[in-house]
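A.B. asks: Structure below; questions to follow.
The values are calculated or read from the model by the stated rules, or taken from the named source; none is laboratory data. On a predicted model such as this, the values are computed, not experimentally measured, just so you know. We place every Cβ from the backbone using ideal geometry, glycine too, and count neighbours over all the protein chains shown.
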There are 2 protein chains.
Amino acid sequence: MERTVAKTLVVEGVLNANDAIAQANREQFDRAGTYVINLMSSPGAGKTTLLEHTLERLDGKLRIGVLEGDVQTTVDADRLLRFGIPVVQVNTDPGFGGACHLDANMVHHGLGALPLPAIDLLIIENVGNLVCPAEFKVGEDSRVMISSVTEGEDKPLKYPLMFRSADLILVNKVDLLPHLDFDLPQFLRNLDAVNPTAPRFLVSARTGQGVEDWCAWLLARRPNAGRTSPTD
Amino acid sequence: MERTVAKTLVVEGVLNANDAIAQANREQFDRAGTYVINLMSSPGAGKTTLLEHTLERLDGKLRIGVLEGDVQTTVDADRLLRFGIPVVQVNTDPGFGGACHLDANMVHHGLGALPLPAIDLLIIENVGNLVCPAEFKVGEDSRVMISSVTEGEDKPLKYPLMFRSADLILVNKVDLLPHLDFDLPQFLRNLDAVNPTAPRFLVSARTGQGVEDWCAWLLARRPNAGRTSPTD
């Protein structure tokens, strides 16, 4: 299967190049004292709505910046402009392999538009997709994924890499549970099967339920909460 | 930007090879007299649940087969076994580019397990993803996409290729509309902006609403409804 081997080599080459750039991004984040979260989910799982609640709640407590990844449009970045924080939009449309994810090089280009030393927490909102974003490191400290209860309880089994690589799982849209046939205990068992250790919070970006736990988690991530980083 | 050019050539080579195999698949479908639908959506938009309703309703009216595409597991294929129809599962895990989509070659391999001449309608349930599945033809006659109202009204703008390439759009989970902030008229305007011509049905795979329209559309797709295909 010569063709399969050739394709595998291409993929490995791409991933190696990506890892090198991700490492450079990471060094840039560390120098600036910026903690970086790679936020991933299906399309429409509620990433941007959750971000809006997060920015409202952490206003004045944490200097937050956002890098928005989308195939096209600046819809998400536009929604965040009202918060007056640094936001940059990266559109993946001309990228490799259908551009269904951010890669380290795309993030690297976006960083040029962000004042990193003035950002405590950078949230990278990845392209909505449960497969490829998990394969590409971008230099993040943590991976957070959002799984909406409207998506069904089988998703951890069907997209194990995404769920396995997450450091925190936000189970979103729990306000809809009374109107769904979603089996929450079964979902949590499926999640345990692929990632038994990551904490999980039940949240509703719509009603605000659980957003306080999520924000507390974010505040605890900061290595130097007193902002005494020697590199600032 | 030498690297960008090299990457583009790789992508074009992959797509050209894919198109050639898609054409071969298509000829195989035509010889067998099988009408083929490529069914696409986000993860958890309701493809398999809708399929279950469809199979119940069209039992005895159309000989249906299903090719299930997933990154991992046979969860979806297992759900369809009770219908006693030909079902084959294709797992994309070892494939190219993260395997977030079916390509023509994967479908070609799956076809070996299906009795095509005994299948009037083959439904290919693609991997849940709003980006790459739209880039890879698999030899289908029509593309049908499902967009769930839980995903938000901005999705046609953010994933225009998927919405533009669809021949029919099923707006699913409309039973949840009373519990969401979803702006249906705005969604339909966004859909018109990228695909003004494709018909769209409001459906609920959970309550069965609109499933009759969808099944009527399927029955009308068959070129030889009286099963007089000369190639049978």
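A.B. asks: Those residues that are more than 14 Å from the chain's Cα centre (by Cα), in a helix (DSSP H, G or I) and crowded, with 20+ Cβ neighbours inside 10 Å, I need them from segment A:161-175; list them, please.
C.D. replies: Listed by number, the list holds a single entry, A:Val174.
A.B. asks: Looking at B:Ala24, B:Ala45, B:Ala20, can you tell me which residue is outside any helix (DSSP H, G or I) and hydrophobic (A, V, I, L, M, F, W, C)? Outline the logic, then answer.
C.D. replies: Working: B:Ala24 fails: outside any helix (DSSP H, G or I); B:Ala20 fails: outside any helix (DSSP H, G or I).
Result: B:Ala45 is the single residue among B:Ala24, B:Ala45, B:Ala20 that is outside any helix (DSSP H, G or I) and hydrophobic (A, V, I, L, M, F, W, C).
A.B. asks: For segment A:137-152, what are the residues that are crowded, with 22+ Cβ neighbours inside 10 Å and on the phi < 0 side of the Ramachandran plot?
C.D. replies: To start, the set of residues in segment A:137-152 that are crowded, with 22+ Cβ neighbours inside 10 Å comprises A:138-140, A:143-152.
Selection gives A:Val138, A:Glu140, A:Arg143, A:Val144, A:Met145, A:Ile146, A:Ser147, A:Ser148, A:Val149, A:Thr150, A:Glu151.
A.B. asks: Please verify whether segment A:17-28 includes one or more residues that are at pLDDT 95 or above and under 30 Å from A:Leu176 (Cβ atoms).
C.D. replies: There is no residue in segment A:17-28 that is at pLDDT 95 or above and under 30 Å from A:Leu176 (Cβ atoms).
A.B. asks: OK, next. Identify all residues within segment B:141-176 that are among the basic types (Lys, Arg) and either under 16 Å from B:Ala193 (Cβ atoms) or within 13 Å of chain A (Cβ to nearest Cβ) (or both); write none if there are none. Can you show your working first?
C.D. replies: First pass over segment B:141-176, keeping only residues among the basic types (Lys, Arg): B:143, B:155, B:158, B:164, B:173.
B:Lys155, B:Lys158, B:Arg164, B:Lys173 - these are the residues of segment B:141-176 that are among the basic types (Lys, Arg) and either under 16 Å from B:Ala193 (Cβ atoms) or within 13 Å of chain A (Cβ to nearest Cβ) (or both).
A.B. asks: State all residues of segment B:50-82 that are outside any loop (DSSP other than H, G, I, E, B), buried (at least 16 other Cβ atoms within 10 Å of the Cβ) and hydrophobic (A, V, I, L, M, F, W, C); if no residue qualifies, say none.
C.D. replies: Result: B:Leu50, B:Leu51, B:Leu55, B:Leu58, B:Ile64, B:Val66, B:Leu67, B:Val75, B:Ala77, B:Leu80.
A.B. asks: Further question on the same structure: Looking at (1) closer than 17 Å to B:Trp214 by Cβ; (2) in contact with a helix residue (DSSP H, G or I) (Cβ under 6 Å, 6 or more places away or on another chain), which is the one condition that is false for B:Asp154?
C.D. replies: The single condition B:Asp154 does not satisfy is (1).
A.B. asks: Which members of segment A:44-95 meet the condition of being within 14 Å of another protein chain (Cβ to nearest Cβ) and at positive phi?
C.D. replies: Going through segment A:44-95, the residues within 14 Å of another protein chain (Cβ to nearest Cβ) turn out to be A:44-53, A:68-80, A:89-95.
Those that are within 14 Å of another protein chain (Cβ to nearest Cβ) and at positive phi: A:Gly44, A:Gly46, A:Thr73.
A.B. asks: Taking segment B:182-216 as the region of interest, how many residues are surrounded by 14 or more Cβ atoms within 10 Å (Cβ to Cβ), over 19 Å from the mean Cα position of the chain (by Cα) and part of a helix (DSSP H, G or I)?
C.D. replies: Number of matching residues: 4.
A.B. asks: Can you list residue pairs whose Cβ atoms sit under 8 Å apart, with the first residue in segment A:117-146 being assigned to a helix (DSSP H, G or I) and the second being acidic (Asp, Glu)? Count only pairs 6 or more apart in sequence or on different chains.
C.D. replies: These pairs meet every condition: A:Pro117/A:Asp232.
A.B. asks: What residue, among those in segment B:120-140 that are hydrophobic (A, V, I, L, M, F, W, C) and more than 22 Å from A:Lys158 (Cα to Cα), is farthest from the other protein chains (Cβ to nearest Cβ)? Steps first, please.
C.D. replies: Restricting attention to segment B:120-140, the residues satisfying the condition of being hydrophobic (A, V, I, L, M, F, W, C) are B:121-124, B:127, B:130-132, B:134, B:136, B:138.
Filter once more, so that each one left must be more than 22 Å from A:Lys158 (Cα to Cα): B:121-122.
Details: B:Leu121: 24, B:Leu122: 22 Å.
Out of the qualifying residues, it is B:Leu121.
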